Amino acid sequence: MLKVNGNGLLIVVSGPSGAGKDTICKTLVETTDNAWISISMTSRNPRNGEVEGKDYYFVTKEEFEEKIKEGKFLEYAIYNNNYYGTPKDKIEDYLNSGIDVILVIDIQGALNIKKLIPSALFIFIMPPDMKTLKQRLIGRKTETKEKIIERFTTAYNEINNVKKYNYVVVNDEIDNAVSKVKAIIKAEKCRVDRIEEINLETKEEIIHEILIDKEFDNNEMEI
Ligand code: ADP
Ligand code: 5GP
């Protein structure tokens, strides 16, 4: 009856470092069968345990700049003195085959995507409070004290931009946060602007069926 756009959604997820973006998105992808997290390229050094091609594509600053010249990125930004970018390839194919594509990117990148693809869905992940954010960043054991302070300074600026997003999800309990993101995606797919065609049986056809319905003739009306 309704022909709805079956393309995947482009979902942009941002939030301060340590808010839980990766944890939420990874859990989401593991528990749904039609979502894919885009793997970014970065010039920052890999952290302990990070895997090339799984967490990021790690390149040098010079290699990154070469890719910019070649037009390989949908968007890119400099975050805390390192390049980060979303490779263009694959994204369109996934979206066209009905798979939701998740970009976990910073605010500058999100704002660039908003200009380029205004129909994308923008979700901001917020920590329950700044002390919890600090504990999570320290607990992740991936950053030096200096880097944590640097990320914290950026975090305050990022949170001031929350209203540029469509939705905000406070990451208190992980399961709770994931189910909120799932609910947002579900609701987004019900938006009327995804309707491409409305095909109804004709009114005459339905009235004719009512008129010739013998069972209906025998119905006793309760008035
Ligand atoms: P981001 O991707 O936003 O930088 P991470 O997903 O790496 O953040 O999460 C930062 C740290 O906080 C990780 O050690 C992660 O296990 C932890 N964490 C994430 N969400 C929660 C939560 N809801 N409750 C407790 N710890 C969490
Ligand atoms: P991290 O170093 O903690 O992995 O990432 C630092 C910041 O860069 C995070 O806010 C992360 O979302 C963002 N980021 C990761 N990949 C990209 C990308 O491809 N583009 C942009 N603009 N930001 C990214």
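The values are calculated or read from the model by the stated rules, or taken from the named source; none is laboratory data. If you're wondering where the values come from, they're calculated on a predicted model, not measured in any experiment. Cβ atoms come from the backbone with ideal geometry, glycine included; neighbour counts cover every protein chain shown. In case anyone asks, the SASA skips ligands and DNA or RNA and just uses the protein heavy atoms, side chains included. Shrake-Rupley method; radii C 1.70, N 1.55, O 1.52, S 1.80 Å.
What the table below lists for this structure:
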read-out: Any helices (runs of 4 or more DSSP H) falling wholly within the range 4-97 and containing at least 1 residues that are of a type in the set (A, V, I, L, M) and over 15 Å from ILE185 (Cβ atoms); value: 61-69, 91-96
read-out: Helices (runs of 4 or more DSSP H) wholly inside the range 166-223 that include at least 3 residues being open to solvent by less than 80 Å² (accessible area, probe 1.4 Å); value: 174-188
read-out: Yes/no for THR27 being more than 9 Å from ligand 2 (Cβ to nearest atom), β-branched (Val, Ile, Thr) and in contact (Cβ under 8 Å) with a residue 40 or more places away in the chain; value: yes
read-out: Where a residue in the range 97-115 is closer than 20 Å to ASN80 by Cβ and its partner, wherever it lies, is open to solvent by 20 Å² or more (accessible area, probe 1.4 Å) and more than 7 Å from ligand 2 (Cβ to nearest atom), with Cβ under 7 Å and at least six apart; value: VAL104/ASP22; VAL104/ILE37; ILE107/ASN161; LEU111/LYS164
read-out: Filter result for THR153 (open to solvent by less than 60 Å² (accessible area, probe 1.4 Å) and among the hydroxyl-bearing types (Ser, Thr, Tyr)); value: no
read-out: Out of ALA120, ALA77, sole residue that is in contact (Cβ under 8 Å) with a residue 12 or more places away in the chain and either surrounded by 20 or more Cβ atoms within 10 Å (Cβ to Cβ) or in the same structural domain as LYS180 (by TED's automatic domain parsing) (or both); value: ALA120
read-out: Residue identified as within 20 Å of ILE102 (Cβ to Cβ) and open to solvent by 10 Å² or more (accessible area, probe 1.4 Å) among THR42, THR23; value: THR23
read-out: So ASP100, is it away from ligand 2 (no atom under 11 Å from the Cβ) and within 13 Å of the chain's Cα centre (by Cα); value: yes
read-out: Yes/no for ILE138 being in the same structural domain as GLU173 (by TED's automatic domain parsing), in contact with a helix residue (DSSP H, G or I) (Cβ under 8 Å, 6 or more places away or on another chain) and open to solvent by 40 Å² or more (accessible area, probe 1.4 Å); value: yes
